[in-house]
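Novice: Input: one structure, supplied below.
Bear in mind that the values in this text are calculations on the coordinates, not laboratory data. Values in this document were obtained by computation on a predicted structure and should not be read as measured data. Heads up, the Cβs are rebuilt from the backbone with ideal geometry, glycines too, and the neighbour counts pull from every protein chain shown.
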Amino acid sequence: MTTAPRRPVPLRAPDPPSASTPEAASPGPAPGVPAHPSPLGIGVLRDGYTTILRLHGELDIATAPDLRRHITLAIEEHDPHRLLLHLSDLAFIDSSGLAVVVWAHQTLDRRGRQLRLHHPSHRVLRILHVTGLHTRLHITETGTGALSPLRRRLAQHRTGGSPPPEPAGPTTPPPVR
């Protein structure tokens, strides 16, 4: 018994769901995929000549444009001498996020201003070390000592209290090792 050779059957796209089906009304995420990925939250605080952007969540290809917009607005509206990115609550950063940080560093450097990365989380700090950016960017890894007044102002800002008076004298962070 011989069989006839099989002919390829052309594939046809499935019919789109009609307006009356539940799939058309609310597409929703695929099973196992969260409805809303972890967004990037950005809190803004002005402290004299410093603008502080406190980041929490994930800085990736989807959220990097948001950070770039916030940095652009901070530069255009306040022209800060120092832009501090507070990173202790940043859970993840990818190459898109790193590109925005490098862009901000270059933009501020051309203006004679500073970008500082304050207290990055362990995961973020590891990525900065792996990429070698820890040698190019100003990173303050400690939340004690000279930076404790800043930490108090950030905490009071979160709780809605008024910030304490400015500390006397200049403060310099410890060197990066």
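Novice: Net charge near Leu128, counting Lys/Arg +1 and Asp/Glu -1 over other residues with Cβ under 11 Å of its Cβ?
Specialist: Cβ neighbours under 11 Å give a net charge of +2.
Novice: Using a basic spin-label model with each label point 7 Å from the Cα along Cα→Cβ, how many nm lie between Tyr49 and His138?
Specialist: Reported label-point gap for Tyr49 and His138 is 1.0 nm.
Novice: For segment 40-159, what is the charge dipole size about the Cα centre, in debye to the nearest 20, if Lys and Arg each add +1 at the Cβ and Asp and Glu each add -1 at the Cβ?
Specialist: The dipole magnitude comes to about 360 debye.
Novice: Once amide H atoms are built 1.01 Å from N in the peptide plane, which residues 5 or more positions from Arg116, or in another chain, come under 5 Å H to H?
Specialist: Those lying under 5 Å, H to H, from Arg116 are Leu83, Leu84, Leu85.
Novice: Right, next: Give the span of segment 40-159's Cα atoms along each principal axis, as three whole-Å numbers ordered largest to smallest.
Specialist: 31, 29, 26 Å, listed from the longest principal axis down.
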